[in-house]
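Visitor: My questions all concern the structure below.
The values are calculated or read from the model by the stated rules, or taken from the named source; none is laboratory data. Quick caveat: nothing in here was measured; it's all calculated off a predicted structure. In this analysis, Cβ positions are derived from the backbone assuming ideal geometry, glycine residues included, and neighbour counts consider all displayed protein chains. Side chains included, ligands, DNA and RNA excluded: accessible areas come from the protein's heavy atoms. Shrake-Rupley method; radii C 1.70, N 1.55, O 1.52, S 1.80 Å.
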Amino acid sequence: MIKGIKGVKDILPEETPRWRVIEETARRWAERYGFKEIRIPIFEVTTLFARSIGTATDIVEKEMYTFPDRDGTSLTLRPEGTAGTVRAFIEHNRAADPLPQKYFYIGPMFRHERPQAGRLRQFHQFGVEFFGTQDSKADVDVIALLWRLLSDLSLPDLTLEINSLGTAADRAAYLPILVSFLKGRVGELCDNCRRRMETNPLRVLDCKVPGCRAATEEAPQLVAHLSPEAKNHFDDVLSTLAVLGIPWQLNPRLVRGLDYYCLTAFEITSTHLGAQNALGAGGRYDGLVETLGGPVMPAVGFAAGLERIVMMLPEQSVPTPQATVYVAAFGAGGIQAGARLLDALRLAGLSAHCDYRASTLKAHLRQADRSGCRFAVLLGDDEATSGSVVVRNMDSKAQETVALLDLPRHFLSLIKGF
Ligand code: AMP
């Protein structure tokens, strides 16, 4: 038997209703905030990700699915959606269109991570990108959109954690201070962090290893080293969140794994998720469009993991399937009329079923029960000839006689009542 790949999951028909609720709610919220859907490719040239995400990040160092194309060009399955969206934004010269430009995407991402609960190799993200303004209200819009979406889905115990990564100059001034602090604690750091101290020292702050956390408890904080410009921006974000009634928690360790962030960085977590507790995360990336060869273009966005939202979605948020009709067609004339009836019901917008293997009324009724249909139409040769059929309510077992041609209208009016 050929099996699926580790960390790459099938989403079976029983599970897809949960996914659809989330995707439809996400689309609805994105549209309320003025974001339009973009569909970007699943794979791109490797340099796009290396250059945008940063060569010294976990994703680029060890998590990308990279392979040579037939002509030798290095290609990569997208590990996230921002790089591709920015590439498309530049390639289609969207900066020449009226700003701001607001996009959202939903789709699979690929990272070679150690599979565990909430961490897969193929997973799905809903993300938004807001291009064209550095105004702090844009940061608040994307944070509020994610907060409102997750709240609308009734996910329990949400926390918004937020930090400011300052401007590039703020970070350049802060990093030597951090590195000199870390050098004093180097003996307490894990091997990974010792390496990161050289390549990406900020990441030492969000290492989950208890020894590293203890060692960096007293580390100087970037928020305490913000320029007046960055501090104003951050204060504005926080005060507008307060105006909207969205609670936040300052998390000075929140530095994000991707290089392109500046100023606002945030994450929405839930205590219900265990170790992988982030539902979605994002921030501002004012330099990225320029880094990838586009114009100066401030931007802010987030990506949320759909698997983790699916895991937390309360059962009552998932609607039960629509009421359906089972056509119990038997006998040569009944089967013929049944095919026509199924077609007519479906054309009227109803969900109509028949088990073609059943040849007796008894067998049909058993299948009608199993399939969970609300109604069954009993249609044998006699009914086909007379043009009137018996409709059985599968719950109450009540039966009534209805004209064959009237059935689509009959069911539509019944179903409207549910
Ligand atoms: P990131 O793009 O790393 O900022 O991640 C944004 C969100 O995507 C996270 O908060 C998770 O909800 C989700 N996510 C990231 N990596 C994975 C993964 N390997 N498996 C499942 N979800 C993930």
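Visitor: How much accessible area per residue does the chain have, counting only protein heavy atoms and a probe of 1.4 Å, in square angstrom?
Guide: 49 Å²
Visitor: Would you kindly find the accessible area of residue 296, with a 1.4 Å probe and non-protein molecules such as ligands, DNA and RNA excluded, rounding to the nearest 10 Å²?
Guide: 110 Å²
Visitor: Under a GNM of the chain (C-alpha, springs under 10 Å), which listed residue has the highest mean-square fluctuation: 165, 405, 306?
Guide: Largest GNM mean-square fluctuation: 405.
Visitor: On to the next question. In square angstrom, rounded to the nearest 10, how much accessible surface does residue 151 have for a 1.4 Å probe?
Guide: In the full protein context, residue 151 sits at about 50 Å².
Visitor: Cα atoms only: what Rg and Dmax, in Å, come out for the range 213-330?
Guide: 21.1, 80
Visitor: If you don't mind, another one. For the range 230-236, just list the computed ³J(HN,Hα) in residue order, Karplus coefficients 6.51, -1.76 and 1.60, θ = phi - 60°, integers in Hz, with x standing in for Gly and Pro.
Guide: 3J(HN,Hα) across the range 230-236, in whole Hz: 5, 5, 4, 4, 5, 4, 5.
Visitor: Something else now. How large is log10 of I(q)/I(0) for the chain at q = 0.13 Å⁻¹ when the intensity is taken from the Debye formula with one equal scatterer per alpha-carbon?
Guide: Each listed q maps to, in turn, -1.08.
Visitor: Per-residue HN-Hα couplings for the range 45-50, Karplus 6.51 cos²θ - 1.76 cosθ + 1.60 at θ = phi - 60°, whole Hz, x for Gly and Pro?
Guide: 5, 4, 4, 4, 6, 4
Visitor: Compare 65, 260 by solvent-accessible area with a 1.4 Å probe and give them largest first, with all protein chains kept in place.
Guide: Numbers: 65 70, 260 20 Å².
Highest to lowest solvent-accessible surface, that is 65, 260.
Visitor: Once you have the alpha carbon radius of gyration of the range 324-415, what is it after dividing by 2.2 N^0.38 Å, with N set to its residue count? Walk me through the intermediate numbers first.
Guide: Details: Rg = 11.5 Å, N = 92, 2.2 N^0.38 = 12.3 Å.
Against the empirical 2.2 N^0.38 Å value, I get 0.94 for the range 324-415.
Visitor: Moving to a separate point now. Leaving ligands and nucleic acids out of the surface, order 106, 335, 11, 246 by accessible area at 1.4 Å, largest first. Write down the numbers at each step before the final one.
Guide: Values: 106 40, 335 95, 11 60, 246 5 Å².
My answer, sorted largest first, is 335, 11, 106, 246.
Visitor: Once ligands and nucleic acids are excluded and a 1.4 Å probe is used, how much of residue 225 is accessible, expressed in Å² to the nearest 10?
Guide: Rounded to the nearest 10, that gives 70 Å².
Visitor: Find out how many positive minus negative residues lie around residue 138, taking Lys and Arg as positive, Asp and Glu as negative, among other residues whose Cβ is under 12 Å from that of residue 138.
Guide: Numbers: positive: 102, 137, 284; negative: 129, 135, 139, 141, 236, 286.
That works out to -3.
Visitor: Could you count how many Lys pairs in the chain have their Cα atoms under 16 Å apart, skipping same-chain pairs fewer than 8 positions apart? Can you show the working numbers first?
Guide: Details: 36/102; 102/137; 137/231; 362/397.
Going through the chain pair by pair, I get 4.
Visitor: Enumerate the calculated ³J(HN,Hα) couplings along the range 242-249 in order (Karplus 6.51 cos²θ - 1.76 cosθ + 1.60, θ = phi - 60°), each rounded to whole Hz, writing x wherever the residue is Gly or Pro.
Guide: 5, 4, 7, x, 9, x, 9, 10
Visitor: A further question follows. Can you sort 347, 412 by solvent-accessible area, 1.4 Å probe, largest first? It would help to have the intermediate numbers written out before the result.
Guide: Values: 347 140, 412 65 Å².
Output order, biggest surface exposure first: 347, 412.
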